[in-house]
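Student: The structure is given below, and queries will be raised subsequently.
Bear in mind these aren't lab numbers, they're just calculated from the coordinates by the rules spelled out. Computed from a predicted structure; not experimentally measured. Methodologically, a virtual Cβ is constructed for each residue, glycine included, from the backbone with ideal geometry; neighbour enumeration extends over all protein chains shown.
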Amino acid sequence: MTTSIKNKIKSIRELKNYTQEYVADQLGVTQAGYSKIEKGKTILSFAKLVEIARILEVSVEDIISFDSQRYFNSFNTVKGNNSGGIIINSDDSAALKHLYEDKIELLEKLLSRTEQELDRYKDKFGDI
C-alpha cells in the first residue's frame, strides 16, 4: 500500500512536533487552509510542496520517499530474537539519527528563544 504525499507531509510534520498552525503561518495561509492540504482537499502544487519541504527542513525527495512503516516498524521487537532487542537496519538507523538530530536542534532553538525571552523579562522587571 502506498502512502499519499499528504499523509507523508503530515507524518513528517508530526515527527518534528510542528503544529498545523506553525506550518500554516510559515506558508502564509490559515490553519484551515493548511489542513486542507493534509486532507487532500486542495491541489498541492509543486511550488507549495517545495515550500512545505523547506519549512519541514527536509528535501522534496525525503517527503516523496518517506515510509512511516519503515520508521515505526523498526521499533517493534521481533519474535524469536534472543537478544530481546530492537532490530534496526543501517538505513533506518541513519534516518532515525537524522530525525533525532532535527528534534534536538529544534529543542535547542526553543531553549535559546526561551532564554532570550527570560533575559528580556529580567531587563524589564529586574531579578526577583
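Student: Using a 10 Å cut-off on Cβ atoms, rank the peptides 100-111, 20-31 from the highest mean neighbour count down.
Tutor: Result, highest mean Cβ count within 10 Å first: 20-31, 100-111.
Student: Could you check the spin-label model distance between GLU101 and ASP119? Points 7 Å from the Cα along Cα→Cβ, value in nm.
Tutor: Rounded to a tenth, the inter-label distance reads 2.7 nm.
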